[in-house]
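Single-structure report; data block below.
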Amino acid sequence: MRMAVFGTGYLGATHAACMAELGHEVLGVDVDVKKIARLRAGEVPFYEPGLTELLQRNIENGRLAFTTSYEEAAEFGDVHFLGVGTPQRRGDYGADLKYVHAVIDTLAPLLTRPALIAGKSTVPVGTAAALADRVQQLAPAGADVELAWNPEFLREGFAIKDTLEPDRIVIGARPGGRAEGILRDIYASAVQAGTPFLVMDYATAELVKVSANAFLATKISFINAMAEVCEAVGGDVTLLADAIGYDNRIGRKFLNAGLGFGGGCLPKDIRAFMARAGELGADQALTFLREVDSINMRRRSRMVELATAASGGSLLGKNIAVLGAAFKPDSDDVRDSPALNVAGQMQLKGGNVSVYDPKAMDNARKVFPTLEYADAVTTACENADIVLVLTEWREFRDLDPDVLDGVVRNKVIADGRNCLNAPKWVQAGWRYRALGRSAS
Ligand code: UDX
């Protein structure tokens, strides 16, 4: 099938490469000339394991190309995926739909033959219905251009697997249309493998995405609230999570207590969801998400307090090694990164903060240019009064405490992700501190 994918950010670039991998002919489209030039040269503008190889392979075999021309894309594609960003609006909680609207308003007038527009971006409920009407007004092919909503659930770091082998495919479509059949063909390999293929109305499909993210955020904040209680009574939140996680109804996944969630999705999605519920007169239903957000943000200040206490009550003039800048491991994404937030706060309190991350250094420098950046764990830890692990990269989880012997000034480690083997560090003579657990 011939398709265009509009937006070549995380979602769009991954989707385009994966669709080509499935055997489709794909044209990636973006208004960013530099980004398109890099993609054409086989370069992925962000870090995602395996994506560069996938991109290059499909460019070479001729199934994947990139353009900035909407005319070329409209001519080329029978299906048009929409994968542009929906960031938080400046000054309020709602989602900014300007990129989505720009694609529709530019693309629809160019559609002169039957086509399907399949939206993948995370949008406030009600958006698809409004866009479908707009497409009808603008497209010369009129009712022959259909619109479907096909939300994307990919996680950064697992983006290829999540796209090629999703745990479900959700389609929001108008009844009686061709959208379902076309999308079944596009995702034929997953459908044949037994992936649930769920067809529903636009509003429910839009809600599936935001409610899934709201649930995940709630699960993380739940365990972090338990961490606060554990801290108050001297309990251990990691043991608690293991114990409740054995209950199949609860499950152990997404119960890792620590610095909480960040990134380009969960924080902005729960806020946009609250804003939209307010507009719809259903704000009471989601007031708990305000609490989910607050618990999450509190973990960052709690981490600073814990590190301050472990440094003798003040950070002034202290050398602080921060290991981790990305919002999670296997990603170079620093959007709303809890790790960088904590690093920044500690610097503002007078600490000399040195940051190291295996992949996110360039992005971190752009957001926090005043922090110091080291080129390796040991360089970041030179003469450190305290070492903080704020993103659970394997390199940090596997760190041998003895390697830092004689490098740091004080053997104090704060584990912001409950990811280290605590007894190993204690046996090596370190003071180990972690969120949601008593001091050892
Ligand atoms: C998320 C959703 O998982 C995905 O389905 C959606 O499409 C986009 O948003 P992503 O942002 O890539 O994906 O990250 P995810 O793996 O969900 O982690 C989100 C944040 O939660 C990270 O900051 C992570 O460190 C944190 N987290 C996750 C925890 O603090 N504890 C956990 O137990 C799990």
Checklist entry - If you check D167, D185, D144, which single one turns out to be acidic (D, E), within 16 Å of the ligand (Cβ to nearest atom) and on the phi < 0 side of the Ramachandran plot? => result D167
Checklist entry - With respect to L390, is the statement that it is within 24 Å of T308 (Cβ to Cβ), open to solvent by less than 30 Å² (accessible area, probe 1.4 Å) and without any contact (Cβ under 8 Å) to a residue 60 or more places away in the chain true? => result no
Checklist entry - Within the stretch 309-327, is there a residue that is among the hydrophobic types (A, V, I, L, M, F, W, C), in contact with a Phe, Trp or Tyr (Cβ under 7 Å, 6 or more places away or on another chain) and either within 16 Å of the ligand (Cβ to nearest atom) or open to solvent by less than 50 Å² (accessible area, probe 1.4 Å) (or both)? => result yes
Next on the checklist: Taking the criterion of being touching a residue at least 24 places away in the same chain (Cβ under 8 Å) and away from the ligand (no atom under 16 Å from the Cβ), would at least one residue in the stretch 147-162 satisfy it?
Outcome noted: yes
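Among the residues of the stretch 192-214 satisfying the criterion of being among the β-branched types (V, I, T) and open to solvent by 40 Å² or more (accessible area, probe 1.4 Å), which is farthest from R276 (Cα to Cα)? Working first, answer last.
First, the residues of the stretch 192-214 that are among the β-branched types (V, I, T): 195, 199, 204, 208, 210.
Going one step further and asking which of them are open to solvent by 40 Å² or more (accessible area, probe 1.4 Å), we end up with 199, 204.
Working: V199: 23, T204: 14 Å.
This residue is V199.
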Checklist entry - Out of all the residues in the stretch 260-271, is one or more over 23 Å from T86 (Cβ atoms), open to solvent by less than 20 Å² (accessible area, probe 1.4 Å) and in a loop (DSSP other than H, G, I, E, B)? => result no
Checklist entry - Taking L107, is it open to solvent by less than 20 Å² (accessible area, probe 1.4 Å) and over 21 Å from V199 (Cα atoms)? => result yes
Checklist entry - Got a number for residues in the stretch 25-51 being under 15 Å from I160 (Cβ atoms) and open to solvent by 50 Å² or more (accessible area, probe 1.4 Å)? => result 1
Checklist entry - Looking at A132, A118, A108, which is the one that is over 21 Å from M1 (Cα atoms) and assigned by TED's automatic domain parsing to the domain that holds A188? => result A132
Checklist entry - Wholly within the stretch 1-102, which strands (runs of 3 or more DSSP E) include no fewer than the required count, namely at least 2 residues that are within 21 Å of the chain's Cα centre (by Cα) and farther than 22 Å from L266 by Cα? => result 2-6
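Let me confirm something: among A118, A128, A141, which residue is open to solvent by 10 Å² or more (accessible area, probe 1.4 Å), modelled with pLDDT of 95 or more and of a type in the set (A, V, I, L, M, F, W, C)?
On the way: A118 fails: open to solvent by 10 Å² or more (accessible area, probe 1.4 Å); A128 fails: open to solvent by 10 Å² or more (accessible area, probe 1.4 Å).
Being open to solvent by 10 Å² or more (accessible area, probe 1.4 Å), modelled with pLDDT of 95 or more and of a type in the set (A, V, I, L, M, F, W, C) holds for just one of A118, A128, A141, which is A141.
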Checklist entry - Any idea which of R290, R299 is among the basic types (K, R), in a helix (DSSP H, G or I) and open to solvent by less than 50 Å² (accessible area, probe 1.4 Å)? => result R299
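The values are calculated or read from the model by the stated rules, or taken from the named source; none is laboratory data. Keep in mind the model is a prediction, meaning the values are calculated, not measured. Please note: Cβ atoms are built from the backbone with ideal geometry, for glycine as well, and neighbour counts cover all protein chains shown. SASA here: full protein model, heavy atoms, side chains in, ligands and nucleic acids out. Shrake-Rupley method; radii C 1.70, N 1.55, O 1.52, S 1.80 Å.
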